[in-house]
Structures are given as structure tokens and as C-alpha cells.
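Inspection log for the structure reproduced underneath, given as C-alpha cells.
The values are calculated or read from the model by the stated rules, or taken from the named source; none is laboratory data. Values in this document were obtained by computation on a predicted structure and should not be read as measured data. So basically every Cβ, Gly included, is an ideal-geometry build from the backbone, and we count neighbours across all protein chains shown.
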């Protein structure tokens, strides 16, 4: 057996150790660049939706954060580095300007390689260094993904190991086991135990999308199922959510925070945007503008067919009838030309546009009616005549709109016995009766209607109260019931509370 | 051994091809290795866990209407359980095989017969190392195939990104096996190398912590803390860092053309191969002087 000198082997070993060190550094560089890349992606998506990274009111309390500063630098470099691309529909800011190039690139298909090349370019070196420094110093709150144990165990003085290392790389398995635990608590009815476990699960596994979804569902639906509504005057200002909250609202906003965190970590998963827009903002917070915003974001990514349908419905609720009609027509053209529901919703929105325009005219008529009555009482026939002719003009414009709306609603009721159409038809009839001073008939009509269609009970009850008040103003003694009086008081108190809340906020902003 | 004898019998006296000898060693190592009861036991356990993952997830809560919405909590749990199972049992198989191939031959004196052939020690070691890798690849391939099938039956899609996860898993095993193999060359019993292999695996996953220690030492004022930080930095760069392969857990959830993933896979491949060679060179340096 021949023996060889060890020196070449030793030299080779040292060379290989050196190579492994260099290669390790190269891998670390790529991983660090990956962190910047994923943050830029998530921040761009967030900026595209909200038009800011961090809420300006939140920044009042946390002025040291560097998210906006760093993102502005990223936008500046990307404007120079990235080639121009066309501005697609829906890629404009609320000011009318096109969205930043980076945001459009992130939303476009097949541009990830260009973004990655930009992140690794020399022109981005200073931004990468700043990112690592700010992240290390905990000055970035919009950072996505990863596990930073100092968030859990304390500040820079602590020397706890990374959670990822503690589980020897099996943190996903740890997250799954915790998830099974959370599921067990849910089945036992212990919803409040579920929520902290969900936070741990998503910390361990930031890509566990269903944990975000189901966790938010627990917060917004299950945890609040047995809670009472908090009166407006008893709500408190939440610095965390930048909103006035009671018990239920706290849970709703917790759900939104969880879903937004999920979006930061999984910026291209439509389910998170969908649940945030529909399940929480629309169904629980009744914030239809935010619902539309997030549902519009959801359809930018690969999604199921119900997502655009939900968006069009949210647009309808938000008063964006024209956009809703365009959406439903697009749906019929591209998905299912025979879809009965889409056709019905187009009719809904057409009728709602007519009702909206008619209502605008009615509002214009109200002061003129008062002026006419005053002119008559004062014996000023010239003014009365002038006012009457203005009223007649407005009525001539309004009446066809109402008639057309009535035709649409009537047609839907006749063909499909649709409750929504029925409610609107009854509403129109009640308003007509009110105009003709047939207050008793209007009230009787609405009283019957609200019990046949429970979904619209509140809306029709409120209309009844308005008609009764108008009747009282005109000298017809229709009394409000006890519950109606309580409703009026509740609304007045709520309005007073909201006014006080606005004043408080304005003063706070002025002070800052 | 008959394969080895046949190989050497065919060769002209004193001459054997550079790779022919190692290949013969590798083949007989592979054949002996796959017959070991411990290996078969690990494999059966991993199969049971992979298929048992369906049972674990069967009673999970889903959101109302989520079956229509396509909730994939079950599939996600199955994927994670399978990846973890492959990792755990795979590394146990790797350590066990790597720790035992050389010591068992020393213990039962077969090594004298093999080394009496016109074969250099580096060729013998290379053949053994290759044989270990063949066993690991076979086991990984079997478990991966079962995982593939489990997901296919669940979701009716072929999880092609799983192949990248398996590659990264193999690279991690390659590093562990090469260093364990190096330790096994010092010992005539497989106990010490097995324990060392587990230790190497643990240390490999805790190496990332040394980076945190170095970063945090920058905030300390004490000289001792700064010295510790520097030592941590040296160790961080010198030791193998198995956490770098942790992307295998996330890779099946990424898009197929995710740029960081594509950039990292090539780098990790080089990293794994470099450490494999390091382990082999260390084992050569130890074995060349070993008195047998």
C-alpha cells in the first residue's frame, strides 16, 4: 500500500475551508438580499393599496421609524434603474398620477427577475446596508417574514437564540403542532386561548396563510359572537388602530392587523386581501371604501371566480354603481354570459343610479319647498312663483328618473320575486306618498314591509322615523313609538359623540 | 465482497482503474447497507408517519364554506409533516450508515482483506463514501416518492417543487454524512461516530446563533464580550451552517421562478459539495495514518 505525503491534502483542506467560508458568505449575501427583496415587494404592495407605508397618525407616536425614509430611497433608485412600463388601468394614485414604477413592476407578471437584479445592483448597496442596520436596530416595523427573537424575548442586550435554531430548523412543524392545539381549544369553546396561539403560529411560520385567515375569523366572528355593542359615547380612542373602538371593534381591528401582517409576509396571496376586504371591513366594520380597496387588490393576483363578484358587490355598497355595472358586464363577457345573478345586479345598480340622482334632486328641492312655503306665508307671490317654477323644473327632471327606477324594481319583483327589489319599490312608493303628504299610508306601508323582509328592518324603520318627523313638522300628529324615540336618542348621542371625537382628533393633530 | 473479488480478479496484476476500484467498493457497501435491519426499520417508520399525517389532519376545523374556497390547511400540514419526517429519519439513516461502514469492517476484520487488494486507501475511502451516498439517495428517493404520492392523492397536482426540497435535504445530509464519515475513520466502533454525527447535526443548526452573538457583541462595551463576539464570528465562518439549507421547508410554497430561490439553490449546491470534499479530505488525513 503506497503512502502519500500529507502536505498536499492539508493544503487542499485549508483551501477548501477557505472556499467554504467564502461560499458561506456568498450565501449569506444572497439571503440578506432576499430579505430586502421580500420587504420591498411587501412594502410596494402595501403602498399600492394604501398609498402610504405607515399610518401618519401612527407615526406621530413613533417618529423614529425608518420605513418611509427607506422606502422613499427605494422608490427613487427604482425610478432610475427600472425601464419604463405602460401604466395599466387601476395603476393610478388617488391624485391622478401613475403609481411609482416599483409598485407597477411588483404588480406586473414576470417582472420579478428585474426586481431581483435591481436589489442586487451596486446602486442598491447603500439601501441594503441601511436596511440591515434599521432592521437590527428595530427601526422597521413593516419588515416581513423571518423570526426575530428579540421581538419576543427583549432588546439588543438579550442573547437568546433564534427560534429557528431552537427548533433545529423544524419551526414549521412546531407551528403545525401549535395549530393542532389551537384547533383543540376552538372545539372546546375557548376562543380566547386560540388567539395568542395563532400569533405564535404565524410567528413561527409566516407563510401559514390559513392560520392568518382562520385566526382572523376567530377574532372577528367567534370571539365577538356574545359581545354587546358599545355605545358610541363609550368608545375609546385606540392609538394602535387609530380608531374609536369598543369591545367588538377591538377584535375587528385585531383581525385586520393580523391579516395585514399576513399580507406583509405573503403579499401575493389573494385570500388575505379577500378576507380583509370582505369578511372584516365589509361585513363587520361596514367600511366599504376599505373593502373595495382590498378586494381590488385581491383580483390582481391569481384568484377564484367569486372574488370579482364580491368586489362588484362591495362597489355597490360603497356607492360606486357605475364601476359595479362595468364589473358585472366584464364578468358576463369573460366568464359566464348566462349568469342570472350578474344580470340582476346590473339592473340593481342601474336602478340605484337613478335613485341616487333622484335623491340628489330631491335634496335640492327641499330648501326650495321651504322657501316656497315661507314666500307664500309672507305673501311674496313673485318669490313664490319663481320658487315654484324652479321646483317644477327639478320635479320634471326627477320624476322620469323615479319612474324608470320603479320600472326596473317592479320588473325584478315580477320576474324573480326579489326581496331587495321589493324593498326598494316599497321605499319609492313610501317616498311618493310622503311627497303627497299621505304620511299615514307611507308609515303603514313601511311597517308591513319591514316585517316581511327582516334584512331591511333597520333601514325601513329609520325611514319610518324620518317620515313621522316630517309629518310632525307639517302638523300631522304621528307619534314616535317608545322604541323609535330611543332610536332617535341613540342616534343623536352617537352623532354628538362622533363630533366630540372629531374635535379631540383635530386638536391632537394640531398639537403634533 | 464477491463483486470486489471479481473486479480485482479481472484486472491485470497490480493495476486497477482509478475509479473502478472505488466503484466496486461502493456497490458492495450499498448492497450491505440496504440489508441492515436498522435502515429498514427507519424506512418503515417514516412510511407510517407519512401516511399517518392524513389521519392527524382529518379532524381539523375549517372555516365555513372553506371546502368550496379551497382551504388547504390539511395539505399544508401533510407537506410539513412529510418534510419533517424525511428530515428526521433521513438524517438518522445518514448518520447511522456513515458512522458504521468503516468501523464495522474494522471490527469484523474485513478491511484487511479489502486493503490487501491493489487499492489505495483514498480509493477505498472514496468507494465507501460513494456507497454511503448511494444508500442515502435511495432512502431519500423512496421517502420522497411516498411524499409525492401522498400529495398527489390529496391535491391532484404534481408537487414538482418538492424535487428542489429533496435536493436541498440531500445536500444537508451530504454535509452531515461526510463529517460523520470522517469521525468514523478514527474509531473501531460505530458508537462514537453516531454520537458525533448527532452532535454535528445539532451544532450545524445552532451555528446561525453565532452570528447573533457577534452582532450583539457590537453593542457591548466589555472587552471580554467583544472577544467572545470575534470568536463567535470565526467559528460562524469556519463551521458548517446547516441552517442555510432551511429553504427546503419554504421552497414548496414558493413560486417556481422565484428569483432568490433560483439564486440560492446553485450556491447551496456548491456549499454542500465543498463540505462533502472537506469531510472526505479529513477522513483521508485520518485514515492514511491509521494502524490496521
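Before moving on, here are some points about what is shown:
- The condition of being in a helix (DSSP H, G or I), more than 9 Å from chain A (Cβ to nearest Cβ) and modelled with pLDDT of 85 or more holds for only one of B:67, B:87, B:98, B:53, that being B:98.
- Selection within region A:265-277 - modelled with pLDDT under 90 and either within 14 Å of the chain's Cα centre (by Cα) or over 15 Å from residue A:215 (Cβ atoms) (or both): A:267, A:268
- Verdict on residue A:180 being more than 11 Å from chain B (Cβ to nearest Cβ) and either at pLDDT 85 or above or touching a helix residue (DSSP H, G or I) at 6+ places or on another chain (Cβ under 7 Å) (or both): no
- Being exposed (fewer than 13 other Cβ atoms within 10 Å of the Cβ) and either touching a strand residue (DSSP E or B) at 6+ places or on another chain (Cβ under 8 Å) or in contact (Cβ under 8 Å) with a residue 40 or more places away in the chain (or both) holds for only one residue in A:90, A:96, and it is A:90.
- For region A:69-82, the condition of being in contact (Cβ under 8 Å) with a residue 24 or more places away in the chain and within 14 Å of chain B (Cβ to nearest Cβ) holds for none of the residues.
Here's the yes/no breakdown for (1) modelled with pLDDT of 85 or more; (2) on the phi < 0 side of the Ramachandran plot:
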position	(1), (2)
A:453	no, yes
A:458	yes, yes
A:465	yes, yes
A:470	yes, yes
A:475	yes, no
A:487	yes, yes
A:500	yes, yes
A:509	no, yes
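Table: residues versus (1) at pLDDT below 90; (2) over 30 Å from residue A:505 (Cα atoms); (3) under 23 Å from the mean Cα position of the chain (by Cα).
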{"position": "A:193", "(1), (2), (3)": "yes, yes, no"}
{"position": "A:197", "(1), (2), (3)": "no, yes, no"}
{"position": "A:207", "(1), (2), (3)": "yes, yes, yes"}
{"position": "A:226", "(1), (2), (3)": "yes, yes, no"}
{"position": "A:236", "(1), (2), (3)": "yes, no, yes"}
{"position": "A:240", "(1), (2), (3)": "yes, no, yes"}
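- Sole exception among (1) surrounded by 13 or more Cβ atoms within 10 Å (Cβ to Cβ); (2) under 30 Å from residue A:510 (Cβ atoms) for residue A:63, by number: (1)
- Matching residues in region A:119-148 - criterion: being at pLDDT below 85 and assigned to a loop (DSSP other than H, G, I, E, B): A:137, A:138, A:139, A:140, A:141, A:142, A:143, A:144, A:145, A:146, A:147, A:148
- Residue match in region B:167-185 (condition: out of contact with any helix residue (DSSP H, G or I) (no Cβ under 6 Å at 6 or more places or on another chain), part of a helix (DSSP H, G or I) and in contact (Cβ under 8 Å) with a residue 60 or more places away in the chain): yes
- Being facing chain A (nearest Cβ under 10 Å), in a helix (DSSP H, G or I), crowded, with 18+ Cβ neighbours inside 10 Å and at pLDDT below 90 is a description that does not apply to residue B:225.
- Neighbours by Cβ (under 6 Å, 6+ apart or cross-chain): first from region A:108-129, closer than 19 Å to residue A:267 by Cβ; second modelled with pLDDT under 90 and crowded, with 16+ Cβ neighbours inside 10 Å: A:112/B:259; A:113/B:259; A:116/B:259
- Among (1) within 14 Å of chain A (Cβ to nearest Cβ); (2) surrounded by fewer than 19 Cβ atoms within 10 Å (Cβ to Cβ); (3) in contact (Cβ under 8 Å) with a residue 60 or more places away in the chain; (4) over 23 Å from residue B:243 (Cα atoms) - the single one residue B:116 does not satisfy: (3)
- Yes/no for residue A:458 being in contact (Cβ under 8 Å) with a residue 24 or more places away in the chain, closer than 21 Å to residue A:425 by Cβ and part of a helix (DSSP H, G or I): no
- In region B:203-222, the residues that are part of a helix (DSSP H, G or I) and facing chain A (nearest Cβ under 7 Å): B:205, B:206, B:208, B:209, B:212, B:213, B:215, B:216
- Residues that are surrounded by 20 or more Cβ atoms within 10 Å (Cβ to Cβ) and in a loop (DSSP other than H, G, I, E, B), drawn from region A:4-56: A:53
Residue-by-condition table, conditions (1) surrounded by fewer than 18 Cβ atoms within 10 Å (Cβ to Cβ); (2) modelled with pLDDT under 95; (3) in contact with a strand residue (DSSP E or B) (Cβ under 6 Å, 6 or more places away or on another chain); (4) not in a helix (DSSP H, G or I):
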{"site": "A:263", "(1), (2), (3), (4)": "no, yes, no, no"}
{"site": "A:285", "(1), (2), (3), (4)": "no, yes, no, yes"}
{"site": "A:289", "(1), (2), (3), (4)": "yes, yes, no, no"}
{"site": "A:296", "(1), (2), (3), (4)": "no, yes, no, no"}
{"site": "A:300", "(1), (2), (3), (4)": "no, yes, no, yes"}
{"site": "A:315", "(1), (2), (3), (4)": "no, no, no, no"}
{"site": "A:325", "(1), (2), (3), (4)": "no, no, no, no"}
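- Within region B:228-238, tally of residues that are within 10 Å of chain A (Cβ to nearest Cβ) and surrounded by 20 or more Cβ atoms within 10 Å (Cβ to Cβ): 2
- Taking region B:186-200 as the range and being within 14 Å of chain A (Cβ to nearest Cβ) and surrounded by fewer than 22 Cβ atoms within 10 Å (Cβ to Cβ) as the test, the residues that pass are B:198, B:199.
- Of the numbered criteria (1) assigned to a loop (DSSP other than H, G, I, E, B); (2) out of contact with any helix residue (DSSP H, G or I) (no Cβ under 8 Å at 6 or more places or on another chain); (3) within 25 Å of residue B:126 (Cα to Cα), the one residue B:199 fails is (1).
- Some residue of region B:148-168 being modelled with pLDDT of 95 or more and closer than 16 Å to residue B:85 by Cα: no
- Positions within region B:280-292 being more than 10 Å from chain A (Cβ to nearest Cβ) and in contact with a helix residue (DSSP H, G or I) (Cβ under 7 Å, 6 or more places away or on another chain), in sequence order: B:283, B:286, B:287
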